[in-house]
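Working notes for the structure below.
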Amino acid sequence: MEYRKFGKTGFKVSPLCMGTMQFGWSLNEADSHRILSATFDAGINFFDTADIYSKWVDGNPGGVSETYIGNWLKQNKIPRDQVVLATKVRGEMGKGPNDEGLSRGHIMNAVEASLRRLQTDYLDLYQSHWTDDSTPIEETMQAFDDLVRQGKVRYVGASNYAAWELMQALWTSDKLNLVRYDSLQPHYNLIYRDEFERELRDVCKTYEIAVIPYSPLAGGFLTGKYRRNEPLPESRRAEGRKRAMTEKNFSLLYEIESIGLRHKASISQVALAWMLSDSVITSPIIGATSIEQLQENLGALDVHLMDDEIATLNKLTAWKTDDD
């Protein structure tokens, strides 16, 4: 496993990160532990979660994914310094007026709850899940700075930030001599490129911010499970993929499959290899619901696309026009 530098820092993470949104939703605790163990045994040291996972499921209070991870660490006696734990704060975790957001009050309460569930005394990466217009950025960054100084957090990052919001945070940290965002978690994949590439990519490259994209396989569309003129699988997730089912995207799948045949690789492996070929990308966040799916995703690390293949995929999914 060739580990990658985490942005401007001296920290090292695996080139793939295991996302855990599926824990307590698509997977029960026993199966979640099996996925975590197989991931760790394969050399992946980076695990991403959030306090609200998976609060949208009936009967799930949130914090379940963190709880599963904490139990796995304890039951399997995993050395804490050998794993990189990342979680997020922002979403609603209670009914009180201060049970959500990026205020100092909520951040300080939320981090303690996350630490308890994860059964650890520090987080490697603590991330703003999305922005909070009701809280000054100065207050948010000061709270993060205090957590780093207290040793409860090692690095801080942002998720779902626009370029101007990320720059505002960087300026604030620089002006007030506070800890800065060292990572960005954007929504990014072959069929959803413009949000990240339009402005965020240049910001991350210029300021050496680690990029850990979520949904690198477009919610399963870039695995090849959805085909032209074939019925959708019966699932809530399949319904959410309808917007991706265009002639342009189905033509893309055909080209990815053709490239995969030359490399003896699957569609998902080629899609991940395309992302991994970009030096700005640090560690795409994958999500597995079976050991077989995990092994397939890991296989992307052995796929090295040719320059002309990358150029073909870029052309087929280009969002820029001649006027841009």
**Item:** In region 52-77, residue farthest from D41 (Cα to Cα) [restricted to those that are touching a Phe, Trp or Tyr at 6+ places or on another chain (Cβ under 7 Å) and hydrophobic (A, V, I, L, M, F, W, C)]
**Value:** V57
**Request:** Report yes if M93 is open to solvent by 20 Å² or more (accessible area, probe 1.4 Å) and more than 22 Å from S215 (Cα to Cα), otherwise no.
**Result:** yes
**Request:** Kindly list the number of the only condition in (1) more than 28 Å from Q295 (Cβ to Cβ); (2) outside any loop (DSSP other than H, G, I, E, B); (3) open to solvent by 40 Å² or more (accessible area, probe 1.4 Å); (4) not β-branched (V, I, T) that fails for D99.
**Result:** (2)
**Complete:** Restricting region 129-138 to residues that are charged (D, E, K, R) and open to solvent by 70 Å² or more (accessible area, probe 1.4 Å), the one farthest from the chain's Cα centre (by Cα) turns out to be E138
**Message:** Can you name every one of the helices (runs of 4 or more DSSP H) wholly within region 239-324 that holds 2 or more residues which are of a type in the set (A, V, I, L, M) and closer than 24 Å to V13 by Cβ?
**Reply:** 267-276, 291-298
**Prompt:** Quick check: is even one residue across region 9-18 open to solvent by 10 Å² or more (accessible area, probe 1.4 Å), more than 18 Å from the chain's Cα centre (by Cα) and modelled with pLDDT of 95 or more?
**Reply:** yes
**Unique match (being in contact with a helix residue (DSSP H, G or I) (Cβ under 9 Å, 6 or more places away or on another chain) and open to solvent by 10 Å² or more (accessible area, probe 1.4 Å)) among A143, A162** = A162
**Message:** Taking the condition of being in a loop (DSSP other than H, G, I, E, B), open to solvent by 10 Å² or more (accessible area, probe 1.4 Å) and modelled with pLDDT of 95 or more, how many residues in region 28-55 meet it?
**Reply:** 6
**Asked** From the list E66, E112, which one is surrounded by fewer than 17 Cβ atoms within 10 Å (Cβ to Cβ), acidic (D, E) and either in contact with a Cys (Cβ under 7 Å, 6 or more places away or on another chain) or on the phi < 0 side of the Ramachandran plot (or both)?
**Response** E112
**Request:** Tell me which residues, restricted to region 166-194, are of a type in the set (D, E, K, R), open to solvent by 30 Å² or more (accessible area, probe 1.4 Å) and over 30 Å from L253 (Cβ atoms).
**Result:** D174, K175, R180
**Message:** I'd like to check something: does region 195-208 contain any residue that is closer than 17 Å to L276 by Cα, open to solvent by 20 Å² or more (accessible area, probe 1.4 Å), part of a loop (DSSP other than H, G, I, E, B) and in contact with a strand residue (DSSP E or B) (Cβ under 6 Å, 6 or more places away or on another chain)?
**Reply:** no
**Prompt:** Would you call A158 closer than 21 Å to V203 by Cα and in contact (Cβ under 8 Å) with a residue 24 or more places away in the chain?
**Reply:** yes
**Message:** Among the residues in region 48-56, are any closer than 14 Å to I286 by Cβ and among the acidic types (D, E)?
**Reply:** yes
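The values are calculated or read from the model by the stated rules, or taken from the named source; none is laboratory data. Small disclaimer: the values here were computed from a predicted structure and weren't measured. Here the Cβ is made from the backbone with ideal geometry for all residues, glycine too, and neighbour counts use every protein chain on show. Just so you know, the surface numbers come from the protein's heavy atoms only, side chains and all, with ligands and any DNA or RNA stripped out. Shrake-Rupley method; radii C 1.70, N 1.55, O 1.52, S 1.80 Å.
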